[in-house]
Amino acid sequence: MAGALDGLRVLEVGGPVAAPYASKLLADLGADVVKIEPPEGDPARHRGPFPGNVPDPETSGLFIYLNTNKRGIVLDLRRPEGTEALHRLAATADLLVHDVHPTDMAALGLDWDRLSAVNPRLVMTSIAPFGLTGPHAHYRATDLVSWCAGGVATLNGDPAHPELPPLRAFGQQSGFQAGLNAAIPSLAALFGRLSTGQGEHIEVSVQESLAAILELTFEFWPYCGLVASRLGAKPIQPLCFMECRDGWIYVCCVEEHQWRHFVDIMGTPEWAEMEIFENRLARGANFDALQVFLQDWCREQSVDELYHAAQRRRVPFAPVSTMGDLVRSPHLEVRGFFATIEHPRAGSVTMPGAPYHFSETPWLLRRPAPCLGQHTVEVLAEVGLDAAAGATS
C-alpha cells in the first residue's frame, strides 16, 4: 500500500531521540529513511527497557520504537571513507536530518556548504541544543539541561510546596519535541523546493522547541503583572486529583450546578451544607477542610463508576489513565492506535502507532527497526560503493 511520502529519500545521522524521531515520523508515512550509525551504534541501543531486563543493543525498546520502518547502515564518519560515503548518499537524497552537535558537524562531514555543493536540491535539518548561532551555540545539553533551559522545569512540580525543586518530565521529552519541530519544517522546505528547485538548511533549537510550548506564560507579565509559576492554591475548588479505591480521578466541579450534582452523587452528606462550603470561593478558601471530606468519600469509590456517574450529570471528571489503562483501552483498540511488529531479536513488540488517520495513504509499519549495520551492503551498493572497501570500520 502506498504511503504519503513514497519516493522521498531521507538520511538520518545522530541520536538517541531528536533526529531519530524526526525521521521516524517521515518513515512511517512511506519515506525511505536510511539510518546512519557509527560502528558502536546509536546511543539509544543501550537504553532500556529490554525484554526480561537483559541488556541487548538489538532489543532496546526505545531504539525499536524510534527506528521502525528504516534501513540501517554503519559508517564511521570520523574517517575520510565514511564522510565520502555520506556525501555519495547525500547526492541522491532529498533530506538529511541530524542532531550532531554544532562543534562536531564539520568533522563528521555535515558541513552545509559542502553538502549543498554535492546536491543543490538537498534539504538539511540540523537539531542542536541551543541552535547553530548565538552565545550558547557551543553549549552541550542533556534532556535535563534542555528541559531546564527551556523554562518548563520551573513550572513543573508540586504547586502546594513551592519550596520543592523544579521537575522534568519522564523520558526524553525534549528530544521528542525537537524531533517534531524538525519534521514539520523539513516537509515545508521539501514542498517549497517544488517551486524553487533549491534545497535549504534548517536549524532547530531544542531550547526554543520547549520554550515555544509554554502557552501564555510570557503574557502573564504584560497582561496581568504576574510572573508565571506553578499554580499553587487555586481560588476556586474542587479542581484537583482524588484517590479512589482503584486509581486516581480528576475532580472538576467549580460551577455551582456542577457542585450540586456532585453533592447529589455523594448522597447529600451533611458536611456539604456547611456554611464554609456554600460557594466556590468559600470552598477554595476552605479547601483544606473540604479536601479531607472529599478524599474520605472518594477513597471508597471506583474510578470508572464515579466517572460515569459524573458524566451522566455533565460534571467534567476525568480518569487518570495509567499506562496499563491506555494499552487496554477499548477506544484506542477500536481506533487501532497500538501496533505490533515482529522483531528478529526482541520478538513481538507492541508500540504506539500514529495519532492521525489518512483515508488513502495510511500510516503503516512496514519493517522492524534494523539490526546494527543490517543494510550497509545494500544501501552503499545503490550509490556504487563497496562496504568492504573501507567506508565502515
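Numbers below:
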read-out	value
Extension gain from GLU208 to ARG230, taking 0.36 nm per residue of separation minus the Cα-Cα distance	5.9 nm
Loop-located chymotrypsin sites (Phe, Trp or Tyr not before Pro) in region 144-191, at most 13 other Cβ atoms within 10 Å (DSSP)	PHE170
Region 306-365 - percent relative contact order, Cα under 8 Å, separation 6 or more	19 percent
Solvent-accessible area, 1.4 Å probe, carbon plus sulfur percent, for the chain	58 percent
Per-residue SASA entry for THR142, accessible area with 1.4 Å probe, Å² rounded to 10	90 Å²
Calculated FRET value between LEU164 and GLU278, using beta carbons and R₀ = 51 Å, to 0.05	0.95
Semi-axis lengths (Å, descending) of the ellipsoid that matches the C-alpha gyration tensor of the chain	49, 24, 19
Overall form of region 31-179 per C-alpha gyration tensor (a/c, 1.5; a/b vs b/c)	oblate
Order of exposure, largest accessible area first, which applies to GLU37, GLU219, GLU163 with probe 1.4 Å	GLU163, GLU219, GLU37
Two-site label geometry, GLU255 and PHE358: point separation in nm, points 7 Å out along Cα→Cβ	4.1 nm
Per-residue [θ]222 nm for the chain (sum of -39500 (n - 2.57) over DSSP H runs n ≥ 4, rounded to 500)	-9000 deg cm²/dmol
Rounded Å value of the spacing that divides the Cα centres of region 34-55 and region 182-238	30 Å
Relative frequency of Cα-Cα separations exceeding 17 Å in region 20-61, percent	45 percent
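The values are calculated or read from the model by the stated rules, or taken from the named source; none is laboratory data. From a predicted model like this one, the values you see are computed outputs, not experimental measurements. Neighbour counts run over all protein chains shown; Cβ positions are idealised from the backbone, glycine included. Heads up: the accessible areas ignore ligands, DNA and RNA and are worked out on the full protein's heavy atoms, side chains in. Shrake-Rupley method; radii C 1.70, N 1.55, O 1.52, S 1.80 Å.
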